[in-house]
Structure formats: structure tokens, C-alpha cells
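S.K.: The structure under discussion is supplied below as C-alpha cells; questions concerning it will follow.
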Amino acid sequence: MSSSKPHQTLLILDFGSQVTQLIARRVRESGVYCEIHPFDKATPEFLSQFAPAAIILSGGPASVHEDDSPAVNPAVFAQGVPVLGICYGEQTLCAVLGGAVEPGQLREFGRSEITLTKESPLFAGFGGVGHKETVWMSHGDKITALPPGFEAVAISEGSPFAAIANEARRIYGVQFHPEVAHTPRGRDILRNFTHGIAGLSGDWTMAAFRAEAIARIRAQVGQGRVICGLSGGVDSSVAAVLIHEAIGDQLTCVFVDTGLMRRNEASEVVSLFRDHYNIPLVHVDAGDLFLGALQGVSDPETKRKIIGRLFVETFDAEAAKIGGADFLAQGTLYPDVIESVSARGGPSAVIKSHHNVGGLPERMKMKLVEPLRELFKDEVRVLGRELGLPPAFVGRHPFPGPGLAIRIPGEITREAVAILQHADAVWLDEIRKAGLYDEIWQAFAVLLPVRTVGVMGDARTYERVLALRAVTSTDGMTADMYEFPWETLGRAATRIVNEVKGVNRVVYDITSKPPGTIEWE
């Protein structure tokens, strides 16, 4: 990213918080384009090139007073742009600018109440001095002295400096997390910072992104040929339609039917792209290849790597058949990019191993085209609607790249795949009939490697256990269980046991998805 970006851009420096991406989502919701970068990337050279209009310092798990704790580069404050430190971000800015941070005697985790003690544009519209506001705290250390020029603008029971400000330099800090839903007016605080204090206009829209992405694709590809791997999901489909709008028949889509797709998904994808969009499409029926390679494999990460390798090999082979391709397009999203690099700049825990984030293997001659690399999942849906994709397709629940392979813990067999496809179809059908599909971020079934004894009619059975899951979310980074009416769950379970041969027990997974976790494996 450079200062040539045609939007006012906010920079988020990541100190390792599990909810840093939520800061970006809240900022983008107000029309401000932003990017997340590791805290130690903020060198004078980088800041000069990036030219941020404002900067936010995220939270993080470290303690400022400990050795080797991450610290904000003083160059951040030399930019002359507004800065907001959140939780650890507030503490590190205090430490660097001459304040003091010590281990707290009273930790604050969870809901807390702050009281405004001084007028500040950060809390414009909140009711003024004396107003009390519910916020979400998550800290053990405590600021004990402010840097020169700073003053407290809010306090809490556990912190005399719950919010601080240096109005002259437009540098602010809050000890709580405005980005999480548990701070009810957190969006207002962030908007006060971006639009009020920083004066950003909110000039980033999906229509503008569409036009700019098309121009970038044309500039990158030129007269080259692009092969796009369709997975059947929203991301790759939106990427394909966007690229086709940019370069037309220079694009050929390759849909690899791994045999691990949802029921009837292959025919739906082929129909959409061949009939609705008339996009050149190669349909590769590779179910035997993938299922054969996965035979006897139980480890989920090994499954992912096998599937990723076979995808690459399949693309290589299909590219050769159509006369070669210069570029490989894929639906990489911004969370894929962020989760592949930790806050300290190194590889993160294995999460996106089935993506080619960072580049393709050296043996492949193609270059990557990733037009959605800057977007979150919900933004991709907005772009899909902007491009005219059918609403039912754009609104489909997310589906993992490795397909049903990671929803069958243990060994994968044709029988297990068939059972899961049938059960998953019944589950989604019942959700749609109840009118709940669009309220849910993701719903799916998992075929557990467990058998139970049961009695059906007059016969004893020894069959599989199926788990049902449904969660609500906005961006997929955090999720809460969906509280189904019991009658809906009952109908789905009854149908599955009656209609799906091989299943005699159904359970419902009520766990939530905290930041950083991944789905069933």
C-alpha cells in the first residue's frame, strides 16, 4: 500500500489482540478504508510511504512493563495525524511518551462502567461530564502516570485513566475495547475519532472498490490469460465474476468437483457460470482422485495439505490443456492474509494452510490474481450484490475450501461422504423452511467418528452420530451459537434419523467461536 491509494486510509497497528480485525470492520462500516499491519512495521520509511490519515494502536496480550514487550515506534507520533490507542495501545503510547504503567492491583475483565470527567471530541454526543457509559474492559496492568500534555477524560472503578487525551496533538487512548459488541456505543466512539477528530469523509464504497478493482485487474493482467479455481463458494464466485467483467474471455474458470462438495452443489455452480454468466468453464470431475488420496488419512491438517496439493496439480494440468495461463485467480480474503502472519511478523498458528497466501509454489509458472484480498467476508457479499449475482447465491453460508473433508473427523470414505451430504441437505432444508437461513452466518452438519447403539422400530442399530452446528456472526472472526426453537431442532433431527441411513443419533453443538479458533476438525 502506498500514498497513491485513491482513498483516505487509516492504519491499524496490530499488537496481537484477538479482536484487531473487529477494529477494521467497525472503521470500514463507517466508510473509511483501513489496513492492519504488524506494530513493528511502523518504521519512518513505511509510514512515509503509507501516508496514513489516522492511526489506531490495537490491544494485545503483553505487559508494557515486561522485558521485550512490543512498543509503538515514536515515529508514529511524528506523523502529525490523529492517533488512538486501544487497551494495550493506550498503555504503550503512555510508556513511550513519558507516562508510567504498572501491574494493577485490581484487574478489569468484562463489562465495566466509565464516567466522563472532561469534555472531549472523542465522546461527542455522549451527554457531557458526569455521563456514565457501559464498556468492555480486558486488562490487568494499570496506567499510573500520564505523559506530559495528557489528561484524563474518563475514569472507571479500576482505572483513573480509562480514557485520556492530548487534544493539542490529537492523541487519544482508551483502556476499554470500543470495537466489540459488548461496548454498546463503541461504534460512536470510533466514528468520533475517524470522522470528527481525523476529519475523514468516509469515501470508501463498494461501487468505488468495484471500479478500482477492475482497473487493477486490467493493469495487472494486460493481454494475459487467467485461470480461476472455483470452489463453489461465494468468495471464488465473486472473484470470477469480477475478473470476467474486467477481462472477458481472457478468463477461464476451472471447477474441480472434489467429491467433497455439498449435495447438488456441482450442478448449481456449473449452471450459474455457464448459463447465467456465459463464462468459459471447465468442469473437472475429480472425486475419485481426491477420495483415493484421502483414503486412510485421519489427521485434519494432512487432509488439508493433500487437498491443496491436488488442487494445484489439477490447475496445472487444466492450464496446459487450454494452452497455458499466465495467472491463477483465487478468492483470498483479508482475514486469510492477516491470519497467515502473526502480529510479530512471523507465521501464525496454522489456520489458512489450504490457501496460497503469499504466493504459489516456485514450480508453478503463473502469478496470483487476488482481487478480493482487501475485503472481509461480509464485504464480499456486498460486492456480489453490486455485481448482480443471484441473492440466494450471494447469501449462501460459508463453505471451507477443503469441503466436507474437515467435517468428517477421522477417515473419509464414500459412505461417510454420502451420509454427510444427505444429512447436511436435510439440516439446511429445515432451516430454510423455518425462515431462519438468512439469520444464521453458518450452519452445517458434522459426521462424528462415533457409533452408538439404538433401537429403531423392533431392531437394534449400531450407527453413526451426527452433530449439527449453527452460529451467528458478521465477519466470521467471532461467532455465537444460534438459539434454535426446539421444534425446529426436533424436526431436523427426526428427519435425519428417519431419512439418512447410517445415522441413529443427532446432537446439537452449542459452543461459540471465540476469536482465533477454527471450525470443526
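Any read-out appearing in this document is the output of simple, stated calculations on the displayed coordinates, not a laboratory observation. The structure displayed is predicted, hence computed values, not measured ones. Here the Cβ positions follow ideal geometry from the backbone for every residue, glycine too, while neighbour counts run over all protein chains shown.
S.K.: Which far-off residues, 5 or more places away or on another chain, put their amide H under 5 Å from the one on Ala154, with H placed in the peptide plane?
M.R.: Thr117, Ala162, Ala163
S.K.: Given a Förster distance of 25 Å, report the FRET efficiency between Arg216 and Ile322 from their Cβ-Cβ distance, rounded to the nearest 0.05.
M.R.: Efficiency at R0 = 25 Å is approximately 0.55.
S.K.: Arranged from highest to lowest average of other beta-carbon atoms within 10 Å per residue, in what order do the peptides 56-62, 311-317 appear?
M.R.: Descending packing order for the listed peptides: 56-62, 311-317.
S.K.: Here's another thing I want to ask about it. Which order, highest average first, do 228-240, 14-26 follow once you tally other Cβ atoms within 10 Å for each residue and take the mean per peptide?
M.R.: Highest-to-lowest ranking by the protection proxy: 228-240, 14-26.
S.K.: Let me ask another. Which of the three applies to the stretch 62-128, rounded, prolate or oblate, going by the alpha-carbon gyration tensor with a ≥ b ≥ c and a/c under 1.5 meaning rounded?
M.R.: Note, shape of the stretch 62-128 comes out oblate.
S.K.: Over the stretch 1-122, what is the relative contact order in whole percent, taking alpha-carbon pairs under 8 Å and six or more residues apart?
M.R.: This gives 25 percent for the stretch 1-122.
S.K.: Stretched out fully, how many nm does the piece from Asp67 to Glu29 gain, at 0.36 nm a residue minus the Cα gap?
M.R.: 10.0 nm
S.K.: Using only the alpha-carbon atoms of the stretch 404-507 as identical scatterers, what base-10 log of I(q)/I(0) does the Debye formula give at q = 0.19 Å⁻¹?
M.R.: Here log10 of I(q) over I(0) equals -0.96.
S.K.: Ala418 versus Leu436, label points 7 Å from Cα toward the beta carbon: distance in nm?
M.R.: Label at Ala418, label at Leu436, 3.0 nm between them.
S.K.: For the stretch 251-264, just list the computed ³J(HN,Hα) in residue order, Karplus coefficients 6.51, -1.76 and 1.60, θ = phi - 60°, integers in Hz, with x standing in for Gly and Pro.
M.R.: Coupling constants for the stretch 251-264: 9, 10, 8, 10, 9, 9, 7, 7, x, 10, 8, 5, 4, 6 Hz.
S.K.: Here's another thing I want to ask about it. Past the 31 Å Cα-Cα mark, which pairs from Lys377/Lys501; Lys41/Lys132; Lys305/Lys433; Lys305/Lys377; Lys433/Lys501?
M.R.: Exceeds cut-off: Lys377/Lys501; Lys41/Lys132; Lys305/Lys433.
S.K.: Next question. Report the extension gain between Arg460 and Thr472 in nm, rounded to one decimal, defined as 0.36 nm multiplied by the number of residues separating them, less their alpha carbon distance.
M.R.: 0.6 nm
S.K.: Then there's this: Counting pairs of alpha carbon atoms under 8 Å apart in space and at least six apart in sequence, what relative contact order in percent does the chain give?
M.R.: Relative contact order for the chain comes out at 11 percent.
S.K.: Which net charge results for the neighbourhood of Arg505, defined as the other residues with beta-carbon distances under 15 angstrom from its beta-carbon, given Lys and Arg at +1 and Asp and Glu at -1?
M.R.: Within the 15 Å Cβ shell, the charges total +2.
S.K.: Only one of the listed values, [x] 4, 18, 27, 25, 17, 7, 2, 0; [y] 4, 19, 31, 29, 15, 3, 0; [z] 4, 17, 25, 23, 18, 11, 3, 0, 0, was derived from the coordinates as P(r) over Cα pairs in 10 Å bins from 0, in percent; which label is it?
M.R.: Label of the calculated value: [z].
S.K.: Would you grab the residues whose amide H sits under 5 Å from the one on His131? Only those 5+ places off in sequence or on another chain, please, with H modelled 1.01 Å from N.
M.R.: Answer set, sorted by chain and number: Leu116.
S.K.: Let me ask another. What distance in nm separates the simple spin-label points at Arg491 and Ala51, each placed 7 Å from Cα in the Cβ direction?
M.R.: 5.8 nm
S.K.: Once you have the Cα-Cα distance between Val284 and Lys365, take 0.36 nm times their residue separation minus that, and quote the gain in nm to one decimal.
M.R.: Once the chain is fully extended between Val284 and Lys365, it gains 27.0 nm.
S.K.: Could I ask something else about it? Rounded to the nearest 20 debye, what is the charge dipole size of the chain about its Cα centre when +1 sits on each Lys and Arg Cβ and -1 on each Asp and Glu Cβ?
M.R.: 560 debye
S.K.: Please give, to one decimal in nm, the separation of the simple spin-label points placed at Ala78 and Lys305, each 7 Å out from Cα toward the Cβ.
M.R.: Each label point is offset 7 Å from its Cα along the Cβ direction, giving 4.5 nm.
S.K.: Something else: Within straight cross-link reach of Lys118, meaning Cα distance under 15 Å, which aspartates and glutamates are found once same-chain residues fewer than 8 apart are removed?
M.R.: Qualifying aspartates and glutamates at Cα under 15 Å: Glu133, Glu151, Glu167.
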